[in-house]
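One structure is given here, and the rest of the page talks about it.
The values are calculated or read from the model by the stated rules, or taken from the named source; none is laboratory data. Keep in mind that what you see is a predicted model, and the values were worked out from it rather than measured. Glycine also receives a Cβ, built like all others from the backbone with ideal geometry; neighbour counts cover every protein chain displayed. These area figures cover heavy atoms from the full protein model, side chains too; ligands, DNA and RNA do not enter into them. Shrake-Rupley method; radii C 1.70, N 1.55, O 1.52, S 1.80 Å.
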Amino acid sequence: MAKSPEHFWIEARKIADASEKRVSTSKNVFCGTVHYDRALIAGVPVCRMTVVPPGSAWPKSYAIDAASRQPWKTLKKPPSGLRLSWRQESESRWLVQWSITPEVQCWGLGERYGGMNLRGRVHTLFATDNDQHIESTDSLYKSIPMLTLVEGETAYAVFLDSPALQRWDLDSTRNGAVSVTLLSRRAFTLYWFESSSLPDIVAAYTHLTGRCDLPPRWSLGHQQSRWSYPTEQVVRNIAKEFRTRKIPCDAIVLDIDYMDDYRVFTISRERFPRFERLVADVSKMGFRVVTIVDPGVAKSPSDATFREGRRLNAFCTKADGSLFVGKVWPGAACLPDFINVEVRNWWGDKLDFLLSKGVAGIWNDMNEPALFGNQRPLSADARELPSDQEQLFVQHDSKGTVGHFEVRNVYGQQMALATHDAMRRARPNERLFALTRSGYAGIQRTSAVWLGDNASWFEHLRASIPMLLNVSLSGVAFCGVDIGGFGGNTDAELLVRWYQLGIFYPFCRNHCALNGRAQEPWSFGPEVEKAIRRLLSVRYRLLPYFEQLFAEHRQCGAPLMRPMAWHYPSDSTARQIDDQFMFGSDILVAPILQRGKSRRPVYLPKGRWFRFDGGPALRGGRFYDVEYRLDSTPAFVKEGAILPMASPVVHTGQLATAAITFRCFGIQAKGRYWQDDGSTLGYERGEYNDWMLSFSNHRFTSKSIHRGFEPVARPYFYETAGRRHQLRDWPPTATSTD
Ligand code: GLC
């Protein structure tokens, strides 16, 4: 007869108690197997340790990209690069420890509220719906257990691949001790990335966990959202306002009120009587429609999704097999068990309800999963995991039953996977846009993310920079926060300042809560509207540069938003800065982040810089006191850069024929220009063009690196010292030309 895990556990305890030799410290009760291996991943030496407790199966990774090639070499003993100790302290508690030098800064770890350096605190990773982001906030929506430790000019990193609760103590006692506590009874894998450059660490991590596919061009445009646009007519009016006022916008987002009683896969025909027609009409105006989808299915015999789900055993259950019922938007609700591939497929097929109506993007929300009245189902300071049977509910995958807390951190990620796979099935050659609130390591393969329910506060505008930088270093390049702030009431000044920064968020969406005042760009009068129109127009003009950066992300994992140290690793001042950032290698963004201010100190690293909006070159290596008007672009461009910029448009459908200007900064400059159709997967088959651009001795030249795409005819220019010159025969047929 097979022995139960409990049996092994009793045995393990006996052995640990009886034999000092079997344990590395007095508290280690581990008696399973450990497997060590090592590999060179994207040039970075990585050690891997897989720990399998007795009776437990080899760990299933939800993070690792199955498509990545991994040349692991098994080792007989722990690799010397692995500078940590670990032990199992109790049946469900593991401890990993190492020490850090005083200068180390701790970056990454997914979505954390606060500044960029996470050192000095304990950070719990346990997916949590929390709409009160304040200094003492711990767990948030996403859990990405990838920590990068920056030590002078180099960095090393630790990735603990387990979807159970983790507590990272990053030197809270200020003696250089770091520890990670994992509450799980199951096997896990730990990766140690040895000392390398920061870009190399991110390249290696995203080699393992995947990179985001090129987003559809429209999804890089401005998206307008609100909880909720209540009726079809309101949505039509919003669309009309954008076009009449010539404010760039590409998507209108429908929050929960498009549904009937908040029931997923329904449409309120009372408020959206001709939903399909609405989608078609606004798409003629150049808008896409994105709809929210929540996981909670109304527990009601009158609900078709509930009936089907029940028949298919698709919902999470209590240990005794009865349905688990929680409370969310539709009232009593059941949760699909997304770790089960059959449930994912079923859910994916249900999405056809929206996709077949022309909905372009899916927004997955509440997928921590959030439950009213029970947002923290396990206390943050829990020292043990309840047994599987005593956890909030149990889930079932192909290997059997597992307590929810063992896999909680992938609930949202698996819902996002169901969404992505369904969209891929429905639209095999299209680029997809899905957005998620919760996620785990590897979420970048299926979704863009936003950081949940922020508030209309300058503090949250300020926090968005370090938070998005940490998310970006955790592999997730396509990210943003609600522009204008979600909770509370925004005001004219905050909204404009938020757009000044928000035009550089990879994901750019204005969204606000039910009771907040209107915050569409025209809500605060003509001056504010004019400023926002101008700012959004800057984003749209820069979209060719955005696309080039996404192409770069696919090649090497580099995020769009990068900490200053990414490009200036030996600059110790740059390493301390988290209120400005690099957007790609050429643009430095340093916006106003405080109420009542129109000036701020901006640090320009060594080299020479130009204000984005024009002006003389400034010598770097020092701080400047910089003034920004309400319509200023809060950015600087590095001397020697060439930025591909489009002429102004109001939606991305107009971009393919818009004139392109290669803006050269300085008398010697270099740049890159990526070009493809912006909507299909053709680029995966080589249907794109990639150019190296250069400007020197008053001549503009280009070299083709790849040619596989036939662009629509459009005018091209280069611009130097404020003067534009047309490039008559561009793109050239030969490899290089004026
Ligand atoms: C959650 C989301 C928010 C959304 C609201 C209503 O709070 O985070 O963005 O508007 O639910 O669906």
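Summary value for the chain: 11 percent relative contact order, contacts being C-alpha pairs under 8 angstrom separated by 6+ residues.
The C-alpha atoms of the chain define a longest principal axis, and helix 492-502 lies at about 80 degrees to it.
Potential lengthening of the chain between Gln97 and Gln594 amounts to 175.0 nm, from the contour at 0.36 nm per residue minus the alpha-carbon distance.
Here the chain is treated as a sphere whose radius is the Kirkwood value from Cα pairs; by Stokes-Einstein at 4 °C and 1.567 mPa s it diffuses with a coefficient of 48 µm²/s.
Straight-line reach from Lys318: which lysines fall under 27 Å, measuring Cα to Cα and dropping same-chain residues less than 8 apart? Filter leaves Lys3, Lys60, Lys142, Lys299, Lys327, Lys350, Lys399.
Ellipticity at 222 nm from helices only: DSSP H runs of n ≥ 4 in the chain, each -39500 (n - 2.57), divided by the residue count, give -6500 deg cm²/dmol. Structural size metrics of the stretch 257-356, computed from C-alpha coordinates, are Rg and Dmax of 15.1, 53 Å.
Only Cα pairs under 8 Å and 6+ residues apart enter the sum, and on that basis the relative contact order of the stretch 561-638 stands at 28 percent. Note that the stretch 422-439 has calculated 3J(HN,Hα) couplings of 5, 5, 5, 4, 6, 9, x, 10, 9, 6, 10, 10, 10, 10, 9, 8, 9, x Hz, one per residue in order, obtained from phi through the Karplus relation 6.51 cos²θ - 1.76 cosθ + 1.60 (θ = phi - 60°); glycine and proline are x. Across the stretch 25-209, Cα pairs under 8 Å and at least six residues apart give a relative contact order of 28 percent. For the stretch 401-526, the C-alpha radius of gyration sits at 1.19 times the compact-globule guess of 2.2 N^0.38 Å, with N the residue count.
Taking +1 at the Cβ of each Lys and Arg and -1 at the Cβ of each Asp and Glu, which of Val359, Thr128, Tyr673 sits farthest along the dipole of the chain towards its positive end, judged by Cα position relative to the Cα centre? Projecting each Cα onto the dipole axis, the largest value belongs to Tyr673. Taking the charge dipole of the stretch 209-345 about its Cα centre, with +1 at Lys and Arg Cβ atoms and -1 at Asp and Glu Cβ atoms, the residue from Thr266, Val328, Ala251 reaching farthest to the positive side is Ala251.
Here the dipole of the stretch 93-236 is about 400 debye; that uses its Cα centre as origin and unit charges on the Cβ of Lys and Arg (positive) and Asp and Glu (negative).
Taking a ≥ b ≥ c as the square roots of the eigenvalues of the alpha-carbon gyration tensor, the stretch 25-209 is classed rounded because a/c is under 1.5. Remark: the chain carries 37 Å² of accessible area per residue (probe radius 1.4 Å; ligands, DNA and RNA excluded). Would you mind classifying the stretch 641-726 by shape? Square roots of the alpha carbon gyration tensor eigenvalues, ordered a ≥ b ≥ c; an a/c under 1.5 is rounded, otherwise it is prolate if a/b is larger than b/c and oblate if not. Verdict is oblate for the stretch 641-726.
Counting only alpha carbon atoms, the long axis of helix 232-244 and the longest principal axis of the chain meet at about 40°.
Compared with the direct C-alpha span, the chain from Asn697 to Lys606 gains 30.4 nm at full extension, assuming 0.36 nm per residue.
Of all lysines in the structure, the ones whose alpha carbon falls short of 21 Å from that of Lys597, not counting any fewer than 8 places away in one chain, are Lys530. Spacing of the modelled spin labels on Ala177 and Ala713, each 7 Å from Cα toward Cβ, amounts to 7.4 nm. A straight chain from Gln233 to Gln389 at 0.36 nm per residue would run longer than the Cα-Cα distance by 51.2 nm. The residue list Gln223, Asn117, Ser172 was ranked by how far each Cα lies along the charge dipole of the stretch 103-225 toward its positive end, using unit charges on Cβ atoms, and Gln223 comes out on top.
Taking every Cα-Cα distance in the stretch 471-540 and sorting them into 10 Å bins from zero, the calculated P(r) comes out as 21, 50, 24, 5 percent.
By the scheme Lys and Arg +1, Asp and Glu -1, what is the net charge of all other residues having a beta-carbon under 12 Å from that of Thr305? Neighbour charge sum, excluding Thr305 itself: +1. Using a 1.4 Å probe on the protein chains only, how many percent of the accessible area of the stretch 266-348 belongs to carbon and sulfur? On the stretch 266-348, the fraction of accessible area on carbon and sulfur atoms equals 49 percent. Compute the acute angle (0 to 90°) between the alpha-carbon long axis of helix 275-284 and the principal axis of greatest extent of the alpha-carbon atoms of the chain; round to the nearest 10°. The helix 275-284 is inclined about 40 degrees to the chain.
Once both labels are positioned 7 Å from their Cα atoms along Cα-to-Cβ, the gap between His725 and Lys73 label points is 5.3 nm. Cut-off 16 Å, label point 7 angstrom out along Cα-to-Cβ of Glu153: give me the residues of the stretch 532-567 whose amide nitrogen falls inside. Under cut-off, by backbone N: 565-567.
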